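The values are calculated or read from the model by the stated rules, or taken from the named source; none is laboratory data. The structure presented is a predicted model; accordingly, all values stated were derived computationally and were not measured. Every residue, glycine among them, receives a Cβ derived from its backbone with ideal geometry; neighbour counts consider all protein chains shown. The protein model used for the area step is the full one, side chains on, heavy atoms only, and it has no ligands, DNA or RNA in it. Shrake-Rupley method; radii C 1.70, N 1.55, O 1.52, S 1.80 Å.
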Amino acid sequence: MAAAKKLRRRRLILPSQPRSLRRRLLRQAALEGEVPAVAVLLGLLLFLLIVTSVFVALLWNQLQVGWAAVHAAFGVGFLLFLGWGAAMGFALRMWPQPMLRRWNRWLGTGLLLLSLLGLAAALGGEATILGFPLQGTLGLLISGGTGLPEILRSLLPGAVGLALLFPRQAKRALRWTRGLFIATARRLYRAASRWRQQSEAASTAKELPPEAPTAEEATKSTVTMPRPAVPRKSRPPQAGEETDEEEEEPSSQLLETGTQPEQSKLASAPLVEGKVEVGEKLQKLPQKPWRLPSLEPLSVGSASEMDETALQERAASIEAVLAEYGIEAEVIEIRPGPAVTLFGLRPGWSRRYKEIRGKDAKGRPAVRREEVSRTRVKLDRIAALDRDLAMQLEVPSIRIFAPIPGTNLVGIEVPNPTPQTVHLRTILESDAFRRAQTKSKLVVPLGKGTGGEILTADLTKMPHLLIAGATGSGKSVFLNAFIASLLMNTTPSEVRMVLVDPKRVELPLFNHIPHLVAPVISDTNKVVNALGWLLAQMEERLEMLAKVQVRDLASFNRRRPEERMPYLVLVIDELADLMMTAGKRVEPMLCRLAQMGRAPGIHLVVATQRPSVDVVTGLIKANFPTRIAFAVTSQVDSRTILDTSGAEKLLG
C-alpha cells in the first residue's frame, strides 16, 4: 500500500490509464519493495553449507567407510557411473516425458557401462588409474575372472544393451540368425536322411538272394503302370497261326507303392503287362478294330409336359408383384426346363406426369394428367425384388439375371414344383451332342438348360475342369455321366483314363473297363506315383510333338496315323483328402500337368466338396480356367470357386 501511495504521489499512476497498465505498475512496485532473489539464493546456499559441514563433522568416519566401499566396488568405473548419473539426472530434469518414453536408451547405456566394468576386470588384472583399481568388486562379479570365457561373459550385458539401444537392427539380426539356423538344420537333416537311405539300401542289397533285383533296380521300377491293350490292326490269321485272345483283355496290375521316383527314372522304367514286356511308350501299341457299345442298356426318360395354365398363372403373378411396386414389365417368353423355368421379362417405362388444372365441358373444375417424360425401368429395381417374388410364387428362391444372352429381356428363373430327371441316353441321342462329337472325342454332357436345350462342352477346349459342390449336390452323378459318355463314344485306342477315388465308394464300379490304364487308385502313395507317371508321359509326348513340329495331339495323330496316341484323362473324385494327406507333393504335380498337359492330350477333371482356400489354392485356380459349381454351403465357398457369389443359392 505504501508503494502504491508513493506512485500516486509521484503521479506515475493516473486514473485515466488502462487498468492492466496500472496493475502491472503496482506489481512492479510491490516487487521492488521485497527482498532481492539473489540474496535469498545466497542465504539458502549458506544454510546448506553449514548443515553439510555439521553433517560431515559428525559422520566423518562413516563417510570414509562408505567411500572405501564405493572405491572397492566400482573402481575406475565410479567415474563413468558418476557421469552417467549426472547426465541422466540433468536429462530427466530437462526432458522428463521423452526420457520416460525412451527408457530403453538409458537402460541400455547402463548395461553397456556394466559390460565395460566386466571387460576391465577380465583384461586389466591389478592395474590402477588415478589411484582407482581398474577392476572392482562389481566387475569381478560380472566377469568371474580372467580368460576368454570370462570376456564372453562380460560381453553379454553389452549385447543386451545394444539390443535396447537399437531395437530395429536387433530384430533384423535375430531374424537373419534364425533363418540361418533353420537352413543349416534342414541341410543337416537332408544329409542325414540321404545317408540313412543309402545305408538301408546297402544293407537290403546284401540280404537279397542272387536272383532278386538290386535296390537301384527296384527304385527305378517303383511305378509300373500297365500298358494299354490297344487292339492290333485287323488281318486274317495265316495258316498255322493262332490268335492271341488275351491281348484284348486289359491288365489289372496295380500301382506299386513306395517312394516317389524322379521323372527321368519314370520315363525309362519298363511298363509290364502281365508277363510280357510291351515297351516303354503308350502310343506304340498295335491297334485292333473296336465296336462301340449300344445305348440300349441306358434307361429312357419319359417326356412330361408342363402345365401351360400354371405357367401363365406364374407369369401373371410376376407381373402383378412388379406392378404393386410401381414397376411396369411384361412377360414375353416362357422357357420350361427340367428343374427351373425361365421367364423372359421385358422392362417397361418409368413415366413422369404433370397435373393440368382446368374445367370440363360442364364448367366444373377438373385435373388432367399429362405425360412429361419416360425412361426405361432400371434393372436394379427388378433385381432387388427377388425375395418378394419368391414369397409370392411360394418357392424357396429365384434367380434374376439380366440380360438373357442374345436378347433384351430380363431372365427370372423359378424352380418347378416337381423337378424332372434328365437321363443320359436323352443327351447322347440328341442332335446337339452328335454335332459336338464330330468336332471332338472328349465331349462332356452337361444336361439341359433352363429352357430345355441340350448343353454340352468340349474337354479339349477347357482344357481342364474343376468341380465343386457340397455333399449331395450332384458331383458324383456328373462324374459318372462323364465317364459313361466316354465309354459309350470312344475306344481304348482313343481315350485312356486314370481314376482316383480316395473315398473308395464311387469310382471302383469302373474297375474292369478297358479304358483304364490301371485299376481305380485309392492309396495316396499310388496317387503320387500315378501323377509322376503322367508327368513322364507328358515329357515323352512333348518331345515327340517337337520332333514332328506340331502344336497338339490331334495334329500329331493326323500327320502320323501309324503312331496314334490316345488322350489321357485324369479324374479325381475328392481333392480335399489328397491335399490334407499329401498336399505338398500333389499340388505341384497337378499344377505342372495343368500348365503343360493340353498340347500332349492330357486333361484333368478334379472334384471337391470343400472349396476352401487351403484346398483350391490360388495356384490351382490359375491353372484350371473352367470351373463348375454345384450348390455350396456359403458365399465364401462360391467366391472361392467362381470368384463371385451365387452358387450358394443354387437348388442342388
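Relative contact order of the range 330-438, taken over Cα pairs closer than 8 Å and 6 or more residues apart, is 27 percent. Taking all protein chains together, D501, D307 sort by accessible area into D307, D501, largest first [probe 1.4 Å]. Rolled with a 1.4 Å probe across the full set of protein chains, the surface gives E563 an accessible area near 50 Å².
Could you please state how large a percent of the accessible area of the range 393-443 is carbon and sulfur, counting protein chains only and using a 1.4 Å probe? Exposed carbon and sulfur together represent 50 percent of the surface. Positive contributions from Lys and Arg (+1) and negative ones from Asp and Glu (-1), summed over other residues with Cβ under 15 Å from the Cβ of P405, come out at -1.
Among 410-421, 364-375, 462-473, the peptide with the highest mean count of other Cβ atoms within 10 Å heads the list, and the full ranking is 462-473, 410-421, 364-375.
The residues packed around P625, meaning those with a beta-carbon under 11 Å from its beta-carbon, carry a net charge of +4 if Lys and Arg are +1 and Asp and Glu are -1. Think of a 1.4 Å ball rolled over the protein heavy atoms: the range 398-529 then has 40 Å² of accessible area per residue.
When the solvent-accessible area of the range 483-526 is split by element, carbon and sulfur atoms take up 52 percent of it, the probe being 1.4 Å.
Pairs spanning more than 19 Å between alpha-carbon atoms, out of K621/K649; K475/K649; K584/K621; K475/K503; K441/K461: K621/K649. Neighbours of V616, meaning other residues whose beta-carbon lies under 14 angstrom from its beta-carbon, give a summed charge of -1 when Lys and Arg score +1 and Asp and Glu score -1.
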